[in-house]
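Quick notes on the structure that follows.
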Amino acid sequence: MAIQRVEVITGTERRRQFTEEEKLRLVEDAFRPGVKATEVARHQGVDVSLLYRWRRQFFGPQPRLPAFLPISVAMDEPPSAEPSRSAPAPPVGVVEIDFPAGARLRITGPVDPAVVTAAVAALSGRPA
């Protein structure tokens with residue numbers, strides 16, 4: 001005997017209504033780092049485009065960042081003509097990045113590439 005699915009429809013079908021709190025919670029869940037919005041949408045039974053629409057509703061349009069940002073290299077003090085006789089000090093660097101949205105990232109001292117990558121990703125809204 002085969003199993004059959006029977007669906008009983010009573011009345012008119014209505015769209016689901018979400019409160020503002022529910023929408024915000026779903027958007028925050030869907031766009032956390034490492035989470036796929038499509039999986040959250042599928043789990044909640046909504047279309048992924050709805051999550052993107054709600055994200056624009058709460059946070060405005062996401063800025064499109066250029067593929068390349070202008071940079072400039074500046075030295076705090078000119079190199080001295082005379083070499084020092086003491087042991088050379090470890091190089092101290094300064095990394096400063098101005099983002100189009102007005103944010104500025106300045107890192108001084110020894111710079112770990114993983115930290116810079118994570119900071120730039122967080123400020124630009126891109127995954128690391």
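The values are calculated or read from the model by the stated rules, or taken from the named source; none is laboratory data. Computed from a predicted model, the values in this text were never measured in an experiment. Methodologically, a virtual Cβ is constructed for each residue, glycine included, from the backbone with ideal geometry; neighbour enumeration extends over all protein chains shown. These accessible areas exclude ligands, DNA and RNA; they are computed on the full protein's heavy atoms, side chains included. Shrake-Rupley method; radii C 1.70, N 1.55, O 1.52, S 1.80 Å.
Structure above, values below:
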| item | result |
| --- | --- |
| Residues located in region 30-53, provided they are within 22 Å of SER124 (Cβ to Cβ) and open to solvent by less than 50 Å² (accessible area, probe 1.4 Å) | ALA30, VAL35, ALA37, LEU51 |
| Test: residue in region 8-22 that is open to solvent by less than 60 Å² (accessible area, probe 1.4 Å), among the hydrophobic types (A, V, I, L, M, F, W, C) and closer than 22 Å to ALA122 by Cβ | no |
